[in-house]
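The values are calculated or read from the model by the stated rules, or taken from the named source; none is laboratory data. Values in this document were obtained by computation on a predicted structure and should not be read as measured data. All Cβ positions, glycine included, derive from the backbone under ideal geometry; neighbour counts span all protein chains shown.
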Amino acid sequence: MALLEVRGVTKRFGGLLALDGVDLHLEEGVIASLIGPNGAGKTTLFHILTGLYRPDGGEMRFQDHSLAGLSPHRIAKLGICRTFQNIRVFGQMTALENVLVGMHARIEFRLWEVLFRTARLRAREKESEARAAEFLKIVGLESKALEWAQHLSYGDQRRLEIARALASAPRLLLLDEPTAGMNPSEAQALMALLKGLVGKYVQSILLIEHNMRVVMGISDRVTVLDYGERIAEGSPAEVRRNPRVIEAYLGRGQWGVHA
């Protein structure tokens with residue numbers, strides 16, 4: 001069953017054609033990777049899918065809902081959440097507080113409940129804190145719940161971003177270079193974490209990734225962009241053998257090496 005359908009999406013920045021009629025099909029229950037050289041349009045596509053950019057053409061549907069013209073918060077409520085290439089944690093908030101921020105799209109209170117600190121509000125706050133602690137445990141940060149985010153290691157901050165994204169109850173999780181800056185053992189641990197999320201906490205994951213070991217080890221499907229154009233899509237093995245991919249991105253003999 002199609003979770004996300006992208007058809008003919010185009011984006012221009014003045015005279016620059018950042019995306020040129022890109023198609024993308026994502027099914028439920030899969031981990032898919034979006035790869036390509038720097039400037040290929042990968043992050044631009046993420047921005048469009050999450051409402052930060054408006055496309056100049058094309059169609060996007062998520063679980064049969066059109067994403068056209070929707071604001072980022074409405075897209076988040078539909079069930080699409082993302083992380084960014086550059087870490088964006090709230091450094092002077094605890095890890096637990098960072099995760100609580102991710103729940104804002106799913107928690108609603110009336111003004112008078114907040115002003116008078118009603119019993120319902122206090123109960124919901126306790127429930128939210130317990131739930132946030134669960135997400136920290138999922139990513140292996142339960143012992144660091146009360147540490148300031150800025151004091152966490154780089155890898156821990158990456159995992160904290162994933163916990164915060166999970167707190168918004170996404171159906172589709174978009175991860176922009178989640179293993180960037182990680183050593184091989186950290187990247188391996190993150191791969192295991194992501195595999196365990198699908199089907200239990202999210203329906204599918206789409207990630208932008210330059211580490212080819214991660215791409216080959218975790219992906220069910222791979223889509224390759226080059227100069228804003230989709231040049232290949234298929235299983236990792238199919239993409240690995242594609243001459244256009246080898247020429248445009250990987251270089252002969254480069255599969256399996258961090259690109």
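Go through segment 29-41 and count every residue that is on the phi < 0 side of the Ramachandran plot and over 12 Å from the mean Cα position of the chain (by Cα).
Counting residues in segment 29-41 that are on the phi < 0 side of the Ramachandran plot and over 12 Å from the mean Cα position of the chain (by Cα) gives 5.
Could you check segment 131-155 and list, in sequence order, the residues that are without any contact (Cβ under 8 Å) to a residue 12 or more places away in the chain and closer than 22 Å to MET191 by Cα?
Listed by number, the residues that qualify are GLU134, LYS137, GLU142, SER143, SER153.
Across segment 133-156, which residue is surrounded by the fewest Cβ atoms within 10 Å (Cβ to Cβ) among those that are of a type in the set (Gly, Ala, Ser) and in a loop (DSSP other than H, G, I, E, B)?
Across segment 133-156, the extreme among qualifying residues is SER153.
Take the residues in segment 157-176 that are touching a residue at least 40 places away in the same chain (Cβ under 8 Å) and farther than 22 Å from PHE62 by Cβ, then tell me which one is surrounded by the fewest Cβ atoms within 10 Å (Cβ to Cβ).
Checked segment 157-176; the qualifying residue surrounded by the fewest Cβ atoms within 10 Å (Cβ to Cβ) is GLN157.
Can we say PHE46 is touching a residue at least 12 places away in the same chain (Cβ under 8 Å) and in a helix (DSSP H, G or I)?
So PHE46 fits the description; yes.
State all residues of segment 187-234 that are in contact with a Lys or Arg (Cβ under 8 Å, 6 or more places away or on another chain) and either within 14 Å of LEU166 (Cα to Cα) or in a helix (DSSP H, G or I) (or both); if no residue qualifies, say none.
ALA187, LEU190, LEU193, VAL202, GLN203, SER204, MET216, ILE218
Can you tell me which residues in segment 9-29 are out of contact with any helix residue (DSSP H, G or I) (no Cβ under 7 Å at 6 or more places or on another chain), surrounded by 16 or more Cβ atoms within 10 Å (Cβ to Cβ) and within 15 Å of ALA232 (Cβ to Cβ)?
Those that are out of contact with any helix residue (DSSP H, G or I) (no Cβ under 7 Å at 6 or more places or on another chain), surrounded by 16 or more Cβ atoms within 10 Å (Cβ to Cβ) and within 15 Å of ALA232 (Cβ to Cβ): ASP20, LEU24.
Okay, residues lined up against (1) assigned to a loop (DSSP other than H, G, I, E, B); (2) at pLDDT below 95; (3) assigned by TED's automatic domain parsing to the domain that holds GLU127; (4) under 18 Å from the mean Cα position of the chain (by Cα):
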position	(1), (2), (3), (4)
ARG54	yes, no, no, no
ARG61	no, no, no, yes
GLY69	yes, yes, no, no
HIS73	no, yes, no, yes
GLN85	yes, yes, no, yes
LEU96	no, no, yes, no
ALA105	no, yes, yes, yes
